[in-house]
Amino acid sequence: MKLPFAESYKIKMVESIKRSTREEREEWIKKANYNLFNLKSEQVFIDLLTDSGTGAMSDKQWSAMMLGDESYAGASSYYLFKNTIKKLLGFDYFLPTHQGRAAENVLFSVLVKEGDLIPGNSHFDTTKGHIEFRKASAIDCTIDEAFDTEIDHPFKGNIDLNKLESVLKNNPASKIPFICVTVTCNSSGGQPVSMQNIKDVYNLAQKYGVKILFDSARFAENAYFIKVRESEFKNHSIKEIVKEMFKYANYATMSSKKDGIVNMGGFIAFDNEEIFKKATVFNIMFEGYITYGGMSGRDMNAVAQGLNESTEFDYLESRIKQVEYLGNQLENYGIHFQKPVGGHGIYINANHFLSKVPKEQYIAQTLAIELYIEAGIRGVEIGTLLADRDPVTRKNRFPVIEYLRLAIPRRVYTNNHMDVVAAGLMNVFDRRDKIMTGYKILKEADIMRHFTVELEKI
Ligand code: F0G
């Protein structure tokens, strides 16, 4: 008999989680104004809100923490982190930051000015936020296939070269501080960018004299997909693929809370000393001194170890096979989600799932609430609430697809938990035709409203 697949780790420490009753959940979510961010974590059984900062560290990471050097300047933990980035990604210059958006804030303070254009593949919200905050514009050049969940394309994070070239051709290079390539592309479903696409983007950037930034939160998961889906790389190690990917980037920002497998941390890496030096000024102002930038020595040690672990094939295979395990069950049940499965979660197509709920009543949020009430599972809406209102017309911006994202934390849940998630969703799917109405907004903030919005059931 062929031996089945099993994770390449065993569990050394556990944390209790609590089941609840449907009646309790109905009351809790009502009290939370139908906003899942307002729930207490103890009111959630399986928490798939995010894979960011929610992973389980290894024994080696915990032991590295004990060796953290907490010196204000010149800590050995800083050099360990710096050398790891040099070894894995190849960059000579680097600054630690407390998380990914802080890295964006520091780097964009140097590079982005009013009126600039930043083409890329479905920029993440905080990236877009930091661009728009500086009165510049993020231009989405993702391939069209990414906007149809049923098309099975191996690299739905790819940049459409025609869309990109038209931005580069029609605008002076001085207005384009960089092209932003998000690996993997979170907003399109944790979808990877192929090595070929990375090279093609690089060649276009060279032609027009423009730099490239990698938003690298999930770079290791991207490398895994290159290995298993791009035949040229099937015999390369993940570390070799990572090194090759980053040859085509001038800068990298990273939220280490994802593929660094830590609870907090981030960094910026540069190939250019001049930009690095300019950024140090902002880093000192916003984050902390050059050699800690908002991170403790112990946390820098843990990221250095985490980066080494996340760039191992066995780890990535265990992780992404778990996402596939959930995806296969949903697919067999006829539930539509972004296909093929992404690196860090399943993105359910809520328009298809709840086709009777009007788009003005927040379809994906309605599905997120139904799944919570059904099984105590917390996902996150990536739909109209997240998209915010148009800054000029103040009208709702309706995305092409309303997603319910189920992000899977790293090394945290077992496949039994995935079975509960699948069963919970199937139960909601079975009664989907009875769900005809959604929610209306009682209170909302001007921007980033989904974190604090208050809703009422219609
Ligand atoms: N870039 C990407 C692609 C991200 O997914 C995130 C965060 C960030 C930048 C910002 O990093 O949170 O450390 O400041 N994504 C989280 C998520 C929040 O749930 O997808 P951060």
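Which one is least open to solvent (accessible area, probe 1.4 Å) among residues in the stretch 439-458 that are in a strand (DSSP E or B), hydrophobic (A, V, I, L, M, F, W, C) and out of contact with any Asp or Glu (no Cβ under 6 Å at 6 or more places or on another chain)? Talk me through it step by step, then tell me what you get.
So in the stretch 439-458, the residues in a strand (DSSP E or B) come out as 439-443, 454-457.
Within this subset, residues satisfying the condition of being hydrophobic (A, V, I, L, M, F, W, C) are 441-442, 455.
Next, from what is left, pick out any that are out of contact with any Asp or Glu (no Cβ under 6 Å at 6 or more places or on another chain): 441, 455.
Numbers: 441: 40, 455: 5 Å².
The extreme case among them is 455.
Where in the stretch 87-191 are the helices (runs of 4 or more DSSP H), entirely inside, with at least 1 residues that are open to solvent by 30 Å² or more (accessible area, probe 1.4 Å), polar (S, T, N, Q) and away from the ligand (no atom under 16 Å from the Cβ)?
Working: elements: 100-111, 125-133, 161-170.
Per the criteria, 161-170.
Within the stretch 324-354, can you find the residues that are farther than 17 Å from residue 189 by Cα, touching a residue at least 12 places away in the same chain (Cβ under 8 Å) and either part of a helix (DSSP H, G or I) or in contact with a strand residue (DSSP E or B) (Cβ under 8 Å, 6 or more places away or on another chain) (or both)?
The first filter runs over the stretch 324-354 and keeps only residues farther than 17 Å from residue 189 by Cα, leaving 329, 332-334, 354.
Now restrict to residues that are touching a residue at least 12 places away in the same chain (Cβ under 8 Å): 329, 333-334, 354.
Hit for the stretch 324-354 is 329, nothing else.
Only one of 84, 21 is in contact (Cβ under 8 Å) with a residue 24 or more places away in the chain and among the hydroxyl-bearing types (Ser, Thr, Tyr); which? Break it down stepwise before answering.
Working: 21 fails: in contact (Cβ under 8 Å) with a residue 24 or more places away in the chain.
The match here is 84.
Against the definition (open to solvent by less than 80 Å² (accessible area, probe 1.4 Å), charged (D, E, K, R), more than 16 Å from the ligand (Cβ to nearest atom) and under 24 Å from residue 345 (Cα atoms)), how does residue 19 come out, yes or no?
Considered against the rule, which asks whether it is open to solvent by less than 80 Å² (accessible area, probe 1.4 Å), charged (D, E, K, R), more than 16 Å from the ligand (Cβ to nearest atom) and under 24 Å from residue 345 (Cα atoms), residue 19 comes out as no.
Search the stretch 202-221 for residues being under 20 Å from the mean Cα position of the chain (by Cα) and assigned to a helix (DSSP H, G or I), and hand back the single one that is nearest to residue 312 (Cα to Cα).
Of the stretch 202-221, the ones under 20 Å from the mean Cα position of the chain (by Cα) are 212-221.
With the extra rule that they be assigned to a helix (DSSP H, G or I), the set shrinks to 219-221.
Numbers: 219: 12, 220: 9, 221: 10 Å.
Residue satisfying both the conditions and the ranking: 220.
Quick one: how many residues across the stretch 279-290 are open to solvent by 10 Å² or more (accessible area, probe 1.4 Å) and away from the ligand (no atom under 14 Å from the Cβ)? Reasoning before the result, please.
Going through the stretch 279-290, the residues open to solvent by 10 Å² or more (accessible area, probe 1.4 Å) turn out to be 280-282, 284-287, 289-290.
Remaining after also requiring away from the ligand (no atom under 14 Å from the Cβ): 280-282, 284-285, 289-290.
The number of residues fulfilling the criteria is 7.
Table: residues versus (1) within 16 Å of the ligand (Cβ to nearest atom); (2) surrounded by 23 or more Cβ atoms within 10 Å (Cβ to Cβ); (3) assigned to a strand (DSSP E or B).
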| site | (1), (2), (3) |
| --- | --- |
| 223 | yes, yes, no |
| 228 | no, no, no |
| 249 | yes, yes, no |
| 263 | yes, no, no |
| 267 | yes, yes, yes |
| 274 | no, no, no |
| 277 | no, no, no |
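Of all residues in the stretch 389-412, which are within 16 Å of the ligand (Cβ to nearest atom) and either touching a residue at least 60 places away in the same chain (Cβ under 8 Å) or at positive phi (or both)?
Start the filter on the stretch 389-412 by keeping residues that are within 16 Å of the ligand (Cβ to nearest atom), which leaves 399, 403-410, 412.
Passing the criteria: 403, 405, 406, 407, 408, 409, 410, 412.
Looking only at the stretch 27-56, count how many residues are out of contact with any strand residue (DSSP E or B) (no Cβ under 8 Å at 6 or more places or on another chain), more than 16 Å from the ligand (Cβ to nearest atom) and open to solvent by less than 80 Å² (accessible area, probe 1.4 Å).
6
If residue 238 satisfies all but one of (1) touching a residue at least 24 places away in the same chain (Cβ under 8 Å); (2) away from the ligand (no atom under 16 Å from the Cβ); (3) open to solvent by 10 Å² or more (accessible area, probe 1.4 Å), what's the number of the condition it fails?
Every condition holds for residue 238 apart from (3).
Do we find that residue 72 is under 21 Å from residue 291 (Cα atoms) and either of a type in the set (Asp, Glu) or touching a residue at least 24 places away in the same chain (Cβ under 8 Å) (or both) in this structure? If you could, list the steps in order and put the result at the bottom.
Numbers: under 21 Å from residue 291 (Cα atoms): yes; either of a type in the set (Asp, Glu) or touching a residue at least 24 places away in the same chain (Cβ under 8 Å) (or both): yes.
Against the criterion (under 21 Å from residue 291 (Cα atoms) and either of a type in the set (Asp, Glu) or touching a residue at least 24 places away in the same chain (Cβ under 8 Å) (or both)), residue 72 qualifies.
The values are calculated or read from the model by the stated rules, or taken from the named source; none is laboratory data. Note that the structure is predicted; figures quoted are calculated from it, not measured. Neighbour counts are summed over all protein chains in view; Cβ atoms, including those assigned to glycine, are modelled from backbone coordinates with ideal geometry. These area figures cover heavy atoms from the full protein model, side chains too; ligands, DNA and RNA do not enter into them. Shrake-Rupley method; radii C 1.70, N 1.55, O 1.52, S 1.80 Å.
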